[in-house]
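Data block below; observations after.
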Amino acid sequence: MSVVVLIAAAVALLAAVAVVRSPVPVRSVLALVLNLVALAVLFIALNAEFMGLVQIIVYAGAVMVMFLFVVSLLGARREAIERETSLLAGQEPLGVAAGGLLLIALVLGMLRQALPEPQAVYDGFGTVRAFGASLFYDHVFALQLAALLLLVAVVGVVVLIARRDPGR
Amino acid sequence: MENGYWLLALIPGLPLLGAAAVAAARNRWSKPALAGTACAMVGLAFIATVVALTRYLGLDGAGTLQAALWSWGFEGVGLGLLGDAVSLWFALVVTGVGLLIHIYAANYMADDPGYGRFFAELNYFIFAMSLLVLADGFLGMLVGWANVGLASYLLIGFWNQRPAAAAASRKAFWVNTVGEVGLILAMALVWNAYGSLRFADVLPQAGSAAPTTLNAIALLLLVGAVAKSAQLPLHVWLPDAMQGPTPVSALIHAATMVTAGVYLAVRAFPIFEAAPVGLPAVAAVGAASALFGAVVAVGQNDIKRVLAFSTMSQVGYMILGAGVGAYSAALFHFMTHAFFKALLFLGAGIVIHHFHGEQDIRRMGGLGRQLPFAYWTFLIGTLALIGLPPLSGFFSKDEIVVELLVTGHPVLWVLAVAAAGLTAFYMTRLFCLVFTGQAPQAAGAKGRAAREAAAAREPEATHGRVDHGHHAHHHHGVHPLQAVPVVLLAVLSAVAGVLWIPGVTAVPEHFLGRVFSQYHTAAHAAAVAPEQAKTLTMAVLLVVAALAMILGVRLYGPGRQGAGPVLPAAAVLANGFYFDDLYRAAFVRPWRALAAHVGQVIDPHVVDGAVNGMARLAGTLAAGLGRLHGGYVRRYALALLAGTAVIVLYFVML
Amino acid sequence: MPGMAVQGYLVLSAVLFVIGLVGVLVRRSPLVTLMSIELMWGAAALLFLTFSRLWAAMDGHVFTFMIVAVGAAEAAVGLALIVLIFRSRDKADVDDVRALRG
């Protein structure tokens with residue numbers, strides 16, 4: 001029972017709530033960053049050091065920055081972006097209720113299971129070397145697909161955004 | 001038993017071929033070619049029948065000719081032909097008389113635009129009828145039975161532009177359908193009880209079924225026979241069937257098709273004998289019809305209708321004979337009746353021509369002087385029908401009536417004698433009104449106009465003419481194509497009796513006995529000694545006939561006033577005891593009302609309503625469900641989540 | 001299990017996931033929606049790593065890596081779309097995009 005882990009868990013939770021409830025998008029982004037960092041702590045606690053660092057560098061570092069750019073592109077001038085009142089009646093209560101239902105279902109499912117004791121981790125578990133070995137020996141195909149996916153995403157974004165220059 | 005006797009197949013096969021050929025070429029070939037083809041096919045079928053007959057005679061006692069035509073792989077179900085004494089006897093008459101009538105019709109129908117169609121349908125009828133009598137089982141017989149019904153429908157309604165003819169053909173078809181239902185139900189019971197539909201399988205073991213089953217089978221078969229043979233109470237179609245051309249009436253509704261019931265009764269006689277009510281029911285129907293037909297014939301004024309009811313009555317005699325076990329006698333009467341009834345109808349055709357389409361005998365007369373040919377031939381037919389010796393009808397009718405007494409049915413005997421007396425009376429009346437007395441005065445324009453109006457009404461007026469003149473009375477001779485068959489039939493009517501002279505020859509009995517003796521149960525003890533019965537019957541019949549004839553001549557002979565006295569209850573008789581009206585009120589009107597109700601109420605509202613309603617429902621549902629699609633993605637997501645949550649919960653709870 | 005019991009990690013993952021899900025449903029800003037989705041990704045990653053630690057196998061790590069990669073790609077394309085759709089509008093509200101109606 002590590003105090004650090006508990007604190008990190010609590011922070012992650014609160015930050016997630018803040019993401020969802022914050023009326024100002026920028027604050028949502030920042031809350032999300034906090035959440036990701038807390039998660040990274042948890043990852044490291046789980047002996048997944050490499051993943052934790054990847055989380056911080058790639059996710060919090062690159063993806064969130066992208067979010068910030070877009071937020072500022074869209075709504076920097078305004079405080080709130082959404083309309084005052086919702087068009088869909090009852091969406092909020094129903095959404096919360098459905099979410100609650102799902103949560104109960106998931107938790108029930110998780111807690112009913114009798115899980116075995118965690119196995120002992122070998123030396124080097126979670127390191128870059130172990131990760132690389134697993135990635136390149138066992139999951140090469142997935143790697144290739146992920147690479148393809150990223151390529152598609154880049155091309156797609158360029159196609160979507162790029163404006164044809166008339167005359168050039 | 002001679003299997004694979006394929007010659008049998010020619011007997012129905014050739015006319016079928018002829019029908020197809022003539023039908024296909026009816027607008028292309030010349031009339032002689034069409035008629036010639038049809039006649040040739042029937043003629044060849046007749047020759048085939050004769051050849052088969054000689055072959056059959058060469059077989060020993062229980063031998064039969066057989067030809068298996070088609071099998072569906074089941075035992076006991078299949079189409080095949082059987083050539084035994086009974087079937088060959090019938091086939092001989094069907095093809096022989098059929099040939100003569102074909103030849104007659106070649107000239108009779110010469111002016112009709114539907115010449116080719118007529119001969120195709122006539123050939124088709126011969127095919128169907130010979131199939132009916134030659135079939136080796138109920139299934140083949142049913143096929144022939146139904147096709148004969150179709151041929152009858154087509155030929156009765158041959159002049160299909162006339163509403164009366166169309167109505168008559170429909171009526172015949174419907175009444176016969178009632179019979180066919182009975183027949184099919186009987187066949188189902190037969191199959192159930194005996195496991196086969198073949199005569200050779202069923203008849204030898206006829207007695208092995210339960211009495212109630214046997215009764216049911218016998219009665220249902222009887223229904224079929226009653227309908228097809230125009231017996232009481234399903235006789236109503238026969239008088240109307242006279243709407244067809246006269247050769248049709250001669251062939252189908254006198255000589256052959258109406259005797260299909262007789263064939264059935266005789267063919268299935270083991271069943272009728274084994275069933276407790278079988279033979280009595282048959283005899284009752286036959287007696288009732290014989291008497292009824294004779295009574296009603298007295299009050300008829302249309303020459304063809306007299307002959308129609310006479311046919312009903314004579315077929316009643318045959319059925320009656322079958323009902324007391326006198327099968328050979330019944331079949332012998334069938335043959336002689338075919339001869340003289342066909343003769344009478346063909347003669348009637350000549351008469352109707354002469355009077356320019358007039359068919360009411362009260363407006364005829366004096367033909368004896370003008371057409372001696374018609375006079376003498378018709379006379380022979382009349383006397384044969386009445387049953388005067390030495391004509392054939394005497395011998396055949398006599399045999400049946402004698403058997404009634406011998407087998408101990410005095411009541412039936414009396415009824416048969418009464419019917420014979422009435423027969424003599426109405427035939428005498430008919431003959432006298434047509435051939436004796438004064439020719440109808442038709443001098444002057446009024447008369448001619450009336451005649452031509454009558455001619456326009458009746459298509460028969462233009463048939464069989466050799467020359468067209470404008471005389472008040474035509475003196476055209478009868479065309480050889482018509483005359484020769486008539487003469488032949490007259491000769492046959494006269495001399496056929498030689499086949500069965502009591503104590504001298506008994507050809508039918510010996511020939512047909514080959515079949516009957518196979519299954520016949522022990523002979524019934526004679527209730528009255530045969531010799532005495534014969535003498536008594538002969539004497540009584542002759543006396544009764546003579547008295548009736550004298551009365552007829554007195555009332556309607558040459559010295560009569562106009563058309564002779566009107567009979568008491570003439571309207572009742574003329575309307576056939578109102579059977580038609582009874583059926584119309586009991587069946588036709590309610591059915592029509594029901595059909596109208598269905599057509600006007602149920603069909604548009606219920607059926608269409610249901611169909612349209614479903615379409616409307618689909619539309620409403622679609623519109624309603626469409627409202628679920630707001631286009632809001634968040635809603636979709638919510639729905640997804642809710643569903644997923646439920647599913648997960650379900651699996652967790654499981 | 002380091003830090004917490006296994007169940008703790010599992011429940012935390014479930015809660016984070018549901019929070020993200022509710023966020024998708026309730027918020028109308030497209031950006032917040034995307035971020036909520038990111039939350040869900042994170043929860044899934046946590047789950048994978050938990051089990052990976054349980055079985056002492058590296059495969060969960062690889063999968064988490066894929067989550068990161070896919071999440072990044074999705075964020076990129078999603079943001080591009082948001083920019084496109086809402087650039088010219090007054091307000092950025094998901095409910096305004098209703099072309100799938102009916």
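Filter the range C:9-19 for residues that are more than 7 Å from chain A (Cβ to nearest Cβ) and either out of contact with any Lys or Arg (no Cβ under 9 Å at 6 or more places or on another chain) or not in a helix (DSSP H, G or I) (or both) and give the result.
Listed by number, the residues that qualify are C:SER13, C:PHE17.
Look at the range A:24-50 and say how many of its residues are closer than 17 Å to A:ALA9 by Cβ and at the interface with chain C (Cβ under 9 Å from one of its Cβ atoms).
11
Determine whether C:MET40 is out of contact with any strand residue (DSSP E or B) (no Cβ under 9 Å at 6 or more places or on another chain), within 20 Å of A:LEU73 (Cβ to Cβ) and either of a type in the set (Phe, Trp, Tyr) or part of a helix (DSSP H, G or I) (or both). Break it down into steps so the answer makes sense when it comes.
Values: out of contact with any strand residue (DSSP E or B) (no Cβ under 9 Å at 6 or more places or on another chain): yes; within 20 Å of A:LEU73 (Cβ to Cβ): no; either of a type in the set (Phe, Trp, Tyr) or part of a helix (DSSP H, G or I) (or both): yes.
Against the criterion (out of contact with any strand residue (DSSP E or B) (no Cβ under 9 Å at 6 or more places or on another chain), within 20 Å of A:LEU73 (Cβ to Cβ) and either of a type in the set (Phe, Trp, Tyr) or part of a helix (DSSP H, G or I) (or both)), C:MET40 does not qualify.
Limited to the range C:55-70, what total is found for residues that are crowded, with 16+ Cβ neighbours inside 10 Å, small (Gly, Ala, Ser) and within 7 Å of another protein chain (Cβ to nearest Cβ)?
The qualifying residues number 1.
Do we have B:SER30 as among the small types (Gly, Ala, Ser), free of Cβ contacts under 8 Å to residues at least 12 places away in the same chain and touching a strand residue (DSSP E or B) at 6+ places or on another chain (Cβ under 6 Å) here? Outline the logic, then answer.
Values: among the small types (Gly, Ala, Ser): yes; free of Cβ contacts under 8 Å to residues at least 12 places away in the same chain: yes; touching a strand residue (DSSP E or B) at 6+ places or on another chain (Cβ under 6 Å): no.
It is false that B:SER30 is among the small types (Gly, Ala, Ser), free of Cβ contacts under 8 Å to residues at least 12 places away in the same chain and touching a strand residue (DSSP E or B) at 6+ places or on another chain (Cβ under 6 Å).
Any idea which of B:LYS171, B:LYS228 is touching a residue at least 40 places away in the same chain (Cβ under 8 Å), surrounded by fewer than 24 Cβ atoms within 10 Å (Cβ to Cβ) and within 14 Å of the chain's Cα centre (by Cα)?
Numbers: B:LYS228 fails: surrounded by fewer than 24 Cβ atoms within 10 Å (Cβ to Cβ).
So the residue among B:LYS171, B:LYS228 that is touching a residue at least 40 places away in the same chain (Cβ under 8 Å), surrounded by fewer than 24 Cβ atoms within 10 Å (Cβ to Cβ) and within 14 Å of the chain's Cα centre (by Cα) is B:LYS171.
At least 3 residues that are modelled with pLDDT under 80 and closer than 23 Å to B:PRO389 by Cα in each: list the helices (runs of 4 or more DSSP H) lying fully within the range B:524-605 that qualify.
Working: elements: B:530-556, B:570-574, B:579-583, B:589-597.
Filter on the range B:524-605 gives B:530-556.
Do we find that C:LEU79 is within 30 Å of B:GLY624 (Cβ to Cβ) and part of a helix (DSSP H, G or I) in this structure? I'd like the intermediate steps shown before the answer.
Working: within 30 Å of B:GLY624 (Cβ to Cβ): no; part of a helix (DSSP H, G or I): yes.
No: the conditions fail for C:LEU79.
Do we find that A:ALA15 is at pLDDT 95 or above and part of a helix (DSSP H, G or I) in this structure?
yes
Would you check which residues across the range A:108-146 are touching an Asp or Glu at 6+ places or on another chain (Cβ under 8 Å) and among the β-branched types (Val, Ile, Thr) and list them?
Let us first name the residues in the range A:108-146 that are touching an Asp or Glu at 6+ places or on another chain (Cβ under 8 Å), namely A:126-127, A:134, A:138-139.
The one that is touching an Asp or Glu at 6+ places or on another chain (Cβ under 8 Å) and among the β-branched types (Val, Ile, Thr): A:THR127.
Please go through the range A:1-16 and give me each residue that is at the interface with chain C (Cβ under 8 Å from one of its Cβ atoms) and crowded, with 17+ Cβ neighbours inside 10 Å, ordered by number. Walk me through it before giving the result.
Residues of the range A:1-16 that are at the interface with chain C (Cβ under 8 Å from one of its Cβ atoms), as a first pass: A:1-2, A:4-6, A:9, A:12-13, A:16.
Residues satisfying the conditions are A:VAL5, A:ALA9, A:ALA12, A:ALA16.
Hey, any hits in the range A:133-156 for a residue that's at pLDDT below 85 and assigned to a helix (DSSP H, G or I)? Show your work before the answer.
Here is the first cut: in the range A:133-156, the ones at pLDDT below 85 are none.
Checked the range A:133-156: no residue is at pLDDT below 85 and assigned to a helix (DSSP H, G or I).
Listed here are the residues, each with its yes/no results for (1) facing another protein chain (nearest Cβ under 7 Å); (2) over 30 Å from A:GLY126 (Cα atoms); (3) surrounded by fewer than 23 Cβ atoms within 10 Å (Cβ to Cβ); (4) over 13 Å from the mean Cα position of the chain (by Cα).
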site: C:ARG27; (1), (2), (3), (4): yes, yes, no, yes
site: C:SER36; (1), (2), (3), (4): yes, no, no, no
site: C:THR50; (1), (2), (3), (4): yes, no, no, yes
site: C:ARG53; (1), (2), (3), (4): yes, no, no, yes
site: C:ILE82; (1), (2), (3), (4): yes, yes, yes, yes
site: C:PHE86; (1), (2), (3), (4): yes, yes, no, yes
site: C:ASP93; (1), (2), (3), (4): yes, yes, yes, yes
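Quick one: in the range A:132-161, which of the residues that are surrounded by fewer than 12 Cβ atoms within 10 Å (Cβ to Cβ) and either within 15 Å of C:LEU79 (Cβ to Cβ) or within 7 Å of chain C (Cβ to nearest Cβ) (or both) is farthest from the chain's Cα centre (by Cα)?
In this case the residue turns out to be A:VAL159.
Could you tell me whether any residue of the range B:111-121 is of a type in the set (D, E, K, R) and either surrounded by 21 or more Cβ atoms within 10 Å (Cβ to Cβ) or in a helix (DSSP H, G or I) (or both)? Break it down into steps so the answer makes sense when it comes.
Step one: list which residues in the range B:111-121 are of a type in the set (D, E, K, R), which gives B:111-112, B:117, B:121.
Still in the running and either surrounded by 21 or more Cβ atoms within 10 Å (Cβ to Cβ) or in a helix (DSSP H, G or I) (or both): B:117, B:121.
Taking every residue of the range B:111-121 in turn, at least one turns out to be of a type in the set (D, E, K, R) and either surrounded by 21 or more Cβ atoms within 10 Å (Cβ to Cβ) or in a helix (DSSP H, G or I) (or both).
Would you check which residues across the range B:618-639 are more than 30 Å from A:LEU102 (Cβ to Cβ) and either hydrophobic (A, V, I, L, M, F, W, C) or within 14 Å of another protein chain (Cβ to nearest Cβ) (or both) and list them?
Selection gives B:ALA618, B:LEU621, B:ALA622, B:ALA623.
With respect to the numbered conditions (1) farther than 15 Å from B:ILE126 by Cβ; (2) modelled with pLDDT of 85 or more; (3) crowded, with 21+ Cβ neighbours inside 10 Å, which one is the sole condition not fulfilled by B:ALA33?
For B:ALA33, the failing item is (3).
Of these, B:ALA610, B:ALA642, B:ALA593, B:ALA615, which one is within 14 Å of another protein chain (Cβ to nearest Cβ) and free of Cβ contacts under 8 Å to residues at least 60 places away in the same chain?
On the way: B:ALA610 fails: within 14 Å of another protein chain (Cβ to nearest Cβ); B:ALA593 fails: within 14 Å of another protein chain (Cβ to nearest Cβ); B:ALA615 fails: within 14 Å of another protein chain (Cβ to nearest Cβ).
One residue alone meets the criteria, B:ALA642.
Residue by residue, here is whether (1) at pLDDT 90 or above; (2) closer than 30 Å to B:GLN518 by Cβ; (3) touching a helix residue (DSSP H, G or I) at 6+ places or on another chain (Cβ under 6 Å) holds:
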| residue | (1), (2), (3) |
| --- | --- |
| B:GLY278 | no, yes, yes |
| B:ALA283 | yes, yes, yes |
| B:GLY286 | yes, yes, yes |
| B:ALA290 | yes, yes, yes |
| B:ASN301 | no, no, yes |
| B:VAL306 | yes, no, yes |
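Any idea which residue in the range A:102-117 is nearest to the chain's Cα centre (by Cα), counting only those that are assigned to a helix (DSSP H, G or I) and either surrounded by fewer than 18 Cβ atoms within 10 Å (Cβ to Cβ) or more than 7 Å from every other protein chain (Cβ to nearest Cβ) (or both)?
From the range A:102-117, those assigned to a helix (DSSP H, G or I) are A:102-112; that's our starting set.
Those left that are additionally either surrounded by fewer than 18 Cβ atoms within 10 Å (Cβ to Cβ) or more than 7 Å from every other protein chain (Cβ to nearest Cβ) (or both): A:104, A:107-109, A:111-112.
On the way: A:ILE104: 22, A:VAL107: 21, A:LEU108: 24, A:GLY109: 23, A:LEU111: 24, A:ARG112: 27 Å.
It comes out as A:VAL107.
The values are calculated or read from the model by the stated rules, or taken from the named source; none is laboratory data. It should be emphasised that the depicted structure is a prediction, and the values quoted were computed from it without experimental measurement. Every residue, glycine among them, receives a Cβ derived from its backbone with ideal geometry; neighbour counts consider all protein chains shown.
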